[in-house]
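First up is the structure itself, then whatever we jot down about it.
Values in this text are rule-based calculations from the coordinates and carry no lab data. Quantities reported herein were computed from a predicted structural model and do not represent experimental measurements. Here Cβ is always computed from backbone atoms with ideal geometry, including for glycine, and neighbour counts include all displayed protein chains.
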Amino acid sequence: MWAARRSVEGGEHRHSSPVIASDPEKGPVMNPVQQRPITPSSQQVTHESTAHGSSSLPTWRLNVMRVGYFVMVAGLAVTKWPEFLAHEPWELKHGTVLTMLVAMSVLALLGLRYPQRMLPILLFEVGWKLTWLGFVALPLWLDGNLTGATREQTAAVLWVTIVIAVIPWRHVVSRFVLARGDRWR
């Protein structure tokens with residue numbers, strides 16, 4: 001385990017020999033600070049941890065994002081989880097939407113712990129709600145027909161303004177629009 005690793009492929013390694021001295025009573029004394037070899041897999045992990053880790057956004061920004069996840073979790077826990085747990089027979093469309101929103105609340109709960117990694121959940125929340133507002137509520141409102149259940153749904157969907165406010169939009173643009181995509185092969 002502590003022996004120096006040698007690459008079969010002749011790759012570069014950054015470490016010194018772990019054995020620095022020999023003690024007659026204890027045997028070889030190990031170097032407590034041994035560096036791991038540089039391999040393509042360790043470079044990839046390092047690259048991913050800096051590209052997707054919390055180090056690229058300040059802590060205050062991550063905490064602001066957590067507000068958005070909390071709003072999602074709390075709203076869905078209050079409105080959808082009781083209905084889900086009661087498990088009455090659902091119409092196909094209603095059951096599909098309900099289970100999707102319950103699953104989304106679980107992912108938003110993960111966002112409280114990993115706000116930057118779960119950012120696509122916030123983007124999905126904004127995307128579907130703005131689409132609904134633009135293509136369902138807005139035309140009805142412009143025609144003066146935004147009433148009843150659609151009006152109530154519009155009021156609930158407008159909570160998305162909190163999520164829009166907490167998303168680090170510059171980060172979104174740099175990571176998802178301007179950055180190079182992942183390789184295909």
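Ranking THR161, THR96, ASN63 by how far each Cα lies toward the positive end of the dipole of the range 57-177 (charges on Cβ) leaves ASN63 at the top. Only Cα pairs under 8 Å and 6+ residues apart enter the sum, and on that basis the relative contact order of the range 57-177 stands at 35 percent. Computed from the C-beta positions of LEU110 and TRP184, the FRET efficiency with R₀ = 22 Å rounds to 0.20. Panel order for ILE167, ILE121, by other beta carbons found within 10 Å of each beta carbon, from fewest to most: ILE167, ILE121.
With R₀ set to 22 Å, the beta-carbon distance separating TRP141 from ILE164 gives a calculated FRET efficiency near 0.70.
Cα centroids of the range 115-185 and the range 88-108: how far apart, whole angstrom? Centre-to-centre distance over Cα atoms comes out at 18 Å.
Each label was represented as a point 7 Å from its Cα along the Cα-to-Cβ direction; for GLU91 and VAL67 these points are 3.7 nm apart.
Restricting the trypsin sites (Lys or Arg not before Pro) of the range 53-132 to loop positions (DSSP other than H, G, I, E, B) with no more than 16 neighbouring Cβ atoms within 10 Å leaves ARG117. Placing a label point 7 Å from the Cα of THR99 along the Cα-to-Cβ direction, the residues of the range 72-88 whose backbone N falls under 17 Å of that point are 80-88.
Here, P(r) means the percent of Cα pairs in each 10 Å bin from 0 to the largest distance; for the range 57-177 it is 12, 39, 33, 14, 2.
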